[in-house]
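Heads up, the thing below is written out as structure tokens.
The values are calculated or read from the model by the stated rules, or taken from the named source; none is laboratory data. Everything numeric in this text was worked out from a predicted model, so none of it was measured. Counting neighbours? That spans all protein chains shown, and the Cβs are built from the backbone with ideal geometry, glycine included.
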């Protein structure tokens, strides 16, 4: 899904499965027109992304799909990872403003920036000096991510 350069607002919808929110639709409003992919529901958040320019999308995922997200420094939509207690991930944009979405019949299984090449370290949940299986049950902080260009 391409994000228009003139995008003003982000729309994110969720569904409730077993009392758990999962993201099921995402769209953008630009110059009075709307582009949307997925399912529209009454459980939605609309944020003004003009205030949150970003190359980063934060995600909270479990084995069934995407539970919550935030676009740059926007607030978390559908729950803060401190309370959801699932995997927290980060997708960094390296090319065009396009999203890669993997979905099933009900919800999004994966959401991130589209890359023309193979995924790089920014697309993984690696932690410095930690084995991923041991760090998976803790909350990951931004400073723990492997940097794209380490100093």
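Some notes on this structure:
- When the stretch 23-35 is filtered for residues that are under 18 Å from residue 75 (Cβ atoms) and in contact (Cβ under 8 Å) with a residue 60 or more places away in the chain, the ones remaining, listed by number, are 23, 26.
- Hits in the stretch 21-44 (condition: touching a strand residue (DSSP E or B) at 6+ places or on another chain (Cβ under 7 Å) and farther than 18 Å from residue 99 by Cα): 21, 41, 43, 44
- So residue 79, is it at positive phi, modelled with pLDDT of 90 or more and buried (at least 19 other Cβ atoms within 10 Å of the Cβ): no
Let's see how each residue does on (1) touching a helix residue (DSSP H, G or I) at 6+ places or on another chain (Cβ under 9 Å); (2) surrounded by fewer than 19 Cβ atoms within 10 Å (Cβ to Cβ); (3) not in a strand (DSSP E or B):
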site	(1), (2), (3)
4	no, yes, yes
13	no, no, no
23	no, no, no
29	no, no, no
41	no, yes, yes
60	yes, no, no
67	yes, no, no
